[in-house]
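Written below as structure tokens is the structure these notes are about.
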Amino acid sequence: MGDPETWQQEQISLAYLSAIATQAGATSAQWNVDKDGVDVTLQRDYIDVAFQMKCTFSPTLLADGDTYAFDLDMRTYDILRRQNRSSAGFLGLVVVPRELDGWLEHDDESLLMRCTGYYARIQDAPALSNKETTRIHLPKKQRLDRAGLDEVFTYAFDRLFKSGTGEGAS
């Protein structure tokens, strides 16, 4: 079937996050206009987190073998890092096989998504002088899964209700 189109990559990344959020006990709402650099807002226990989702079939893996890199546009970076956001800003990266037909396996009993996701906290990251993009590191240990969303929501809670949350993107 060939390489997937951009809209297909966007849709699978949103479906992936929705599935993971459901498993983690969170609800999700997609924004029909990406004006504020956010594709999806997740909510759990009255705490919101915001995700800009990206998808790739050719991820950049750093020399350590444990970290992906993604070049995020500066506008979105600056929006997600703002301190006065009510919901913490994150980048989500979903990695899929190159061939569209390899993304899903469906039989009479199950639907298997053949992709995986990672996240980086952009909230409270430092201001940068870059003009167009900045390279975001997404360690493989920061998987977008139930445990990863637990960490995301813990950060968001602590940011709102505790002091000393630290700075910089993870």
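Computed from the coordinates by the stated procedures, all read-outs in this text should not be read as laboratory data. Since we're looking at a predicted model, the values are computed, not measured. As a convention, Cβ positions derive from the backbone with ideal geometry for all residues, glycine included, and neighbour counts pool all protein chains shown.
Selection among ALA15, LEU62, MET113 by position relative to the dipole of the chain gives LEU62 as farthest towards the positive end (Cβ unit charges, Cα centre). So, R0 is 25 Å and r is the distance between the beta-carbons of GLU99 and LEU61; what FRET efficiency does that work out to, to 0.05? The value I calculate is 0.85.
Compute the Cα gyration tensor for region 1-66, then decide on rounded, prolate or oblate, letting a ≥ b ≥ c be the square roots of its eigenvalues: rounded whenever a/c is under 1.5, prolate when a/b is larger than b/c in the other cases, and oblate in all that remain. Judged from the Cα gyration tensor, region 1-66 comes out prolate (a/c at least 1.5, a/b above b/c).
Given +1 at the Cβ of Lys and Arg, -1 at the Cβ of Asp and Glu and no other charges, the dipole of the chain around its Cα centre is 780 debye to the nearest 20. Run down the lysines and flag those whose C-alpha is under 17 Å from the C-alpha of LYS35, throwing out any fewer than 8 positions away in its chain. Partners within reach: LYS54.
Over the C-alpha atoms of the chain, the Rg to Rh ratio, Rh being the Kirkwood estimate, stands at 0.96. Residues ILE136, ILE79, ranked from the fewest to the most other C-beta atoms within 10 Å, line up as ILE79, ILE136. Mean separation of Cα pairs under 8 Å and 6 or more residues apart, divided by the residue count, gives the chain a relative contact order of 24 percent.
Rounded, prolate or oblate: which fits region 78-162 when a ≥ b ≥ c are the square roots of the eigenvalues of the alpha-carbon gyration tensor, with rounded for a/c under 1.5 and prolate only if a/b beats b/c? Oblate shape, in that a/c is at least 1.5 and b/c is the bigger or equal ratio.
Each label point was placed 7 Å from the Cα along the Cα-to-Cβ direction; for LEU160 and GLU5 their separation is 3.9 nm. A simple spin-label model places the labels of ASP108 and ASP71 4.9 nm from each other, with each point 7 Å out along Cα-to-Cβ.
Only DSSP H runs of four or more residues enter the estimate; each adds -39500 (n - 2.57), and after division by the residues of the chain the mean residue ellipticity at 222 nm equals -8000 deg cm²/dmol.
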